[in-house]
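Beneath this line is the structure, given in structure tokens, with notes to follow.
The values are calculated or read from the model by the stated rules, or taken from the named source; none is laboratory data. Small disclaimer: the values here were computed from a predicted structure and weren't measured. Cβ: placed from backbone, ideal geometry, glycine included. Neighbour counts: every protein chain shown.
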Amino acid sequence: MLPPAEHFWPELQVQTSRSSGPGGQNVNKVESRVELRWHVATSLLLTDEQKETLLQKLERQLTAEGYLLITAQEERSQLRNKEIALQKFHDLLKRTLHKPKARKATKPSKGAVRKRLETKKKHSEKKANRRLDM
């Protein structure tokens, strides 16, 4: 079970910088781009098994020091970008730690098997009747 996103705040390092792209003076003056840094191995909120899973699955997204970086610069507001970055972070953790449900092998019911065989038989009789007419 994954803790809510807000519980990760003490473990996250937040850094702001000026956002790129269009936006006029707002872009030149305001640090609205948000970068979250989180060290997976030292997290106190996850079990060792969860940490190991994250380190394996997110191997390409981690820095050399083992930090996961998530950035957000979609909005003009720094606060809104913090919320977006935190949501991205939580969604990534949920996706990565999700275990798919094991598939149970099932058999077709006797009625379904009988119906399929009857349909095949009717179809083959139809074909056989065409052969006899020629």
Item to check | Unmet criterion (only one of (1) surrounded by 10 or more Cβ atoms within 10 Å (Cβ to Cβ); (2) modelled with pLDDT of 90 or more; (3) closer than 24 Å to Pro10 by Cβ) for Leu54 | outcome: (2)
Next on the checklist: Can you tell me which residue is surrounded by the most Cβ atoms within 10 Å (Cβ to Cβ) among those in segment 22-42 that are closer than 18 Å to Ala85 by Cα and at pLDDT below 85?
Outcome noted: Ser32
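Based on this model, can you work out whether Leu69 counts as outside any helix (DSSP H, G or I), touching a Phe, Trp or Tyr at 6+ places or on another chain (Cβ under 7 Å) and either under 26 Å from Thr16 (Cα atoms) or touching a residue at least 24 places away in the same chain (Cβ under 8 Å) (or both)? It would help to see each step written out before you state the result.
On the way: outside any helix (DSSP H, G or I): yes; touching a Phe, Trp or Tyr at 6+ places or on another chain (Cβ under 7 Å): no; either under 26 Å from Thr16 (Cα atoms) or touching a residue at least 24 places away in the same chain (Cβ under 8 Å) (or both): yes.
In short, no.
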Checklist outcome for this item: Residue count, segment 80-121, condition part of a helix (DSSP H, G or I), modelled with pLDDT under 95 and surrounded by 10 or more Cβ atoms within 10 Å (Cβ to Cβ), comes to 17
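Given Glu59, Glu65, Glu49, which one is exposed (fewer than 11 other Cβ atoms within 10 Å of the Cβ) and within 16 Å of Pro3 (Cα to Cα)?
Details: Glu59 fails: within 16 Å of Pro3 (Cα to Cα); Glu65 fails: within 16 Å of Pro3 (Cα to Cα).
When all the criteria are applied, what remains is Glu49.
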